[in-house]
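Just below is one structure, and these are the notes that go with it.
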Amino acid sequence: MPYSSVNTTIVYYLTYNLDRKDLVPLINSLATIQILFIIAIPFFSKYLAKTWIWVGGLLVATFGGVMMWLAADNITFLIAAWILGNIGSGIACSMPFAMLGFAVDFGAWKTGIKATGILIAFGSTFCIKMGSGLGTAFAAWIMNSFGYVPNHAQSAAGLEGIIWAFIWAPALLFALAAIPLLFFRKYEAMEEKIRHDLETVNS
């Protein structure tokens, strides 16, 4: 949801707040840097618990958003913050897929039912589409509530609405998403035991 909000509103932020619509192609292309860090997740997993990788991604995304606000019209600083935020959000948004297998195993261990299909369909398809749709709608609602008017010079309130939709709301949501993960760590610590128990039952 916050990832979708950021990527939807970056165009408005560059166009109206910074008057630098010419930067849109460059900024959008730089977002692909996150792919390198998504590929590196298995490497990180060798040294860190998946929970902490996920939390780290969320906090880096949050920090990147705050840095973009601090950057203001300093384009070099803004680009660095944008790259940092995308690295964090890329990792954070990829971690559910990395942990989906454990969710299936935990369900089978807890209930005796291995609901692989429904968990993958619900977790990776429905939730992604729902979050993307809500993120876009949420950003539009924030901007409209501040008086944003399409294709016109924006009032001070309209510009503030873009900042909230692009920076503060996503940063807050990224930070809040880290809280429930702090409680998930105890279940991840049981991963080896769960796999061992399942192997014993299935052998």
### Query
So for 93, 127, fewest C-beta neighbours within 10 Å to most, what's the order?
127, 93
### Message
Pairs of alpha-carbon atoms within less than 8 angstrom and 6+ residues apart define the contacts here; what relative contact order does the chain have, in percent?
### Response
33 percent
### Task
Take each uninterrupted DSSP H stretch in the chain, measure its Cα extent along the helix axis, and return the ones at 18 Å or beyond whose mean Kyte-Doolittle hydropathy is at least 1.0.
50-71, 75-111, 169-188
### Message
Which residue, 14, 162, 190, has the largest displacement toward the positive end of the dipole of segment 2-202 when charges sit on each Cβ (Lys, Arg +1; Asp, Glu -1)?
### Response
190
### Task
Pull up the cross-link candidates among the lysines for residue 129, meaning alpha carbon to alpha carbon under 19 Å and not fewer than 8 places away within one chain.
none
### Summary
For the chain, the dipole about the Cα centre with charges only on Cβ (Lys and Arg +1, Asp and Glu -1), to the nearest 20 debye, works out at 340 debye
### Message
Placing unit charges on C-beta atoms (Lys and Arg positive, Asp and Glu negative, everything else neutral), compute the dipole magnitude of segment 117-203 about its Cα centre in debye, rounded to 20.
### Response
120 debye
#### Entry: MRE, 222 nm, helices only [DSSP H, n ≥ 4, -39500 (n - 2.57), over the chain, to nearest 500]
-24000 deg cm²/dmol
### Query
What is the Rg over Rh value, at two decimals, for segment 1-142, using alpha-carbon atoms and the Kirkwood definition of Rh?
1.05
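Read-outs throughout are calculated quantities, based only on the coordinates presented, and are distinct from any laboratory measurement. Values in this document were obtained by computation on a predicted structure and should not be read as measured data. Methodologically, a virtual Cβ is constructed for each residue, glycine included, from the backbone with ideal geometry; neighbour enumeration extends over all protein chains shown.
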